[in-house]
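Chemist: Encoded as C-alpha cells, here's the structure I'll be asking about.
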Amino acid sequence: EELGEPDAVFVAGRDPGAPLTFVWGDPERPRLLLTQVSGRFNFEKLVQTNEGGITLVQVNDENAIWIEGEPHVIFYENEHGGADLPGRLARNTLVWSRGPVTLRLEGDLSQEDAERIARSVR
C-alpha cells in the first residue's frame, strides 16, 4: 500500500536512537502511525479483559507481533539501555525489527494490510 509522505514527523527526546514517529492524518487525531526506534523489541502484554490478542507473524523473514485491541507497551533495548514505547492509538498494531531497528505500525488496519505496509517500509 502506498502511504505517501507523512503529514507530520516527531522525535521523542534528544538521546541517540530516540523514537521517531511518522504521522498520517491530523497529528491530534492520526489515522496511522509508524514509529521507529534504535534497538530490538522485547514484548509483554498485560491483559485486563478477554478482549484483544497476540499473533506471532513474520515480516521480511523477521519475527513480528500482531496485536489486536487493548492498549499495550513495547519495551526495547539498545546500546544506551532500555525504555518503553507506549502505544498512542491503542488500535491494531504490528511490531517488527529490521536489523538493529524496531518499527511499530499502529492504526485501524487489518493484519493483512499492516503486513503489506510493513514489507514495503524501507
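The values are calculated or read from the model by the stated rules, or taken from the named source; none is laboratory data. Computed from a predicted model, the values in this text were never measured in an experiment. Cβ coordinates were reconstructed from backbone atoms using ideal geometry, including for glycine residues, and neighbour counts include every protein chain displayed. Heads up: the accessible areas ignore ligands, DNA and RNA and are worked out on the full protein's heavy atoms, side chains in. Shrake-Rupley method; radii C 1.70, N 1.55, O 1.52, S 1.80 Å.
Chemist: All but one of (1) at pLDDT 90 or above; (2) part of a strand (DSSP E or B) hold for T55, so report the exception by its number.
Modeler: (1)
Chemist: I need every pair where a residue in the range 5-20 that is open to solvent by 90 Å² or more (accessible area, probe 1.4 Å) has its Cβ under 9 Å from the Cβ of a residue that is at pLDDT below 75 and not β-branched (V, I, T), sequence separation at least 6 or different chains.
Modeler: Qualifying pairs under 9 Å: D15/H80; D15/A83.
Chemist: Answer yes or no: is there a residue in the range 68-89 that is open to solvent by less than 80 Å² (accessible area, probe 1.4 Å), within 12 Å of the chain's Cα centre (by Cα) and at pLDDT 90 or above.
Modeler: no
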